[in-house]
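The values are calculated or read from the model by the stated rules, or taken from the named source; none is laboratory data. All figures in this text were calculated on a predicted structure; none of them were measured in a lab. As a convention, Cβ positions derive from the backbone with ideal geometry for all residues, glycine included, and neighbour counts pool all protein chains shown. Please note that ligands, DNA and RNA were not included when accessible areas were found on the heavy atoms of the full protein model with its side chains. Shrake-Rupley method; radii C 1.70, N 1.55, O 1.52, S 1.80 Å.
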Amino acid sequence: MQRRERKLRVVLVPCPLQGHISPMLDLANILHSKGFSITIAHTIFNAPNPFNHPDFDFLPIFDNLSAPDTSPKNLIALGASINANCEAPFKKSMAQMMEQPKEAYNQVACIIYDTLMHFAESAANHMNLPSIILRTASASAVLAYDSIPRLHAEGFIPLQDSDGGWWRLVTPVLYSEEVVAQKIEETPVAVESSEVTTPAAVAGGAFNDTSAGESKNEDAPPGGGEESSESMEPATLSITGV
């Protein structure tokens, strides 16, 4: 009698925000096409729709998030609450999964988690499972993160804003070309035309052609920086159709 080959199972833990959960589900589809069984461990908040992914198993994690926790005004607080609230429930759910007979459930090969969901690493270490971090940000975001220590050292961050308004973070701040040249290191930057220029030169081009910048900024909120907070923020964060 031929022995049936058992698949390895991968547990994926996405961050419950649209730009994070979609790449994680894309990775899940790739791994499934390579023969892995897939479990998506997700928060109750912004949970993906299992009916859209019939080949996956879904493992809800009780997150105990309140309405203030899910406010878009403070994403840092949202991340902190998720990691504080989900570690114990996730460990319990994973322990129950791994206690099932091997004939009934495939062996867990590893846990892949979003870089913001670091509670999953603690659970993986607790159960002696390998873990892999998925960073869903673009390569340009990695360069931006690398600049944070320098921006902090030079006093650009944290922002001195008594209102604490998140919308101020997306309001363009234009400096003179002299200030840009003084504050930003003259690091070469690649542009589409294959020319190599500098951050100051790039910024200088924006000063010389403000109309072009306005036409390209289609995603900017209407009304510019004067828009009120009430018209620019949703009541809570939400995603649909994933």
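The table for this structure:
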item	result
Residue that is modelled with the lowest pLDDT, among those in segment 4-14 that are open to solvent by 10 Å² or more (accessible area, probe 1.4 Å) and in a loop (DSSP other than H, G, I, E, B)	Arg4
Residues within segment 15-32 that are out of contact with any Ser or Thr (no Cβ under 6 Å at 6 or more places or on another chain) and either modelled with pLDDT of 95 or more or closer than 21 Å to Ala123 by Cα (or both), tallied	11
Segment 22-51: number of residues that are in contact with a helix residue (DSSP H, G or I) (Cβ under 8 Å, 6 or more places away or on another chain) and either polar (S, T, N, Q) or exposed (fewer than 14 other Cβ atoms within 10 Å of the Cβ) (or both)	3
Answer residue from segment 86-97, given it is touching a helix residue (DSSP H, G or I) at 6+ places or on another chain (Cβ under 7 Å) and free of Cβ contacts under 8 Å to residues at least 40 places away in the same chain and is surrounded by the fewest Cβ atoms within 10 Å (Cβ to Cβ) among those	Lys91
Condition met for Met127 (open to solvent by less than 40 Å² (accessible area, probe 1.4 Å), in contact (Cβ under 8 Å) with a residue 12 or more places away in the chain and farther than 17 Å from His42 by Cβ)	yes
Residue within segment 139-161 that is on the phi < 0 side of the Ramachandran plot, part of a loop (DSSP other than H, G, I, E, B), modelled with pLDDT under 85 and of a type in the set (Ser, Thr, Tyr) present	no
Identity of the residue in segment 55-72, closer than 26 Å to Phe36 by Cα and out of contact with any His (no Cβ under 9 Å at 6 or more places or on another chain), that ends up surrounded by the most Cβ atoms within 10 Å (Cβ to Cβ)	Asp57
Per-region count, segment 98-124, residues over 22 Å from the mean Cα position of the chain (by Cα) and either small (Gly, Ala, Ser) or open to solvent by 50 Å² or more (accessible area, probe 1.4 Å) (or both)	9
Pair list, Cβ under 8 Å, 6 or more apart: segment 136-151 residue surrounded by 10 or more Cβ atoms within 10 Å (Cβ to Cβ), other residue of a type in the set (D, E, K, R) and modelled with pLDDT of 85 or more	Thr136/Asp114; Val142/Arg135
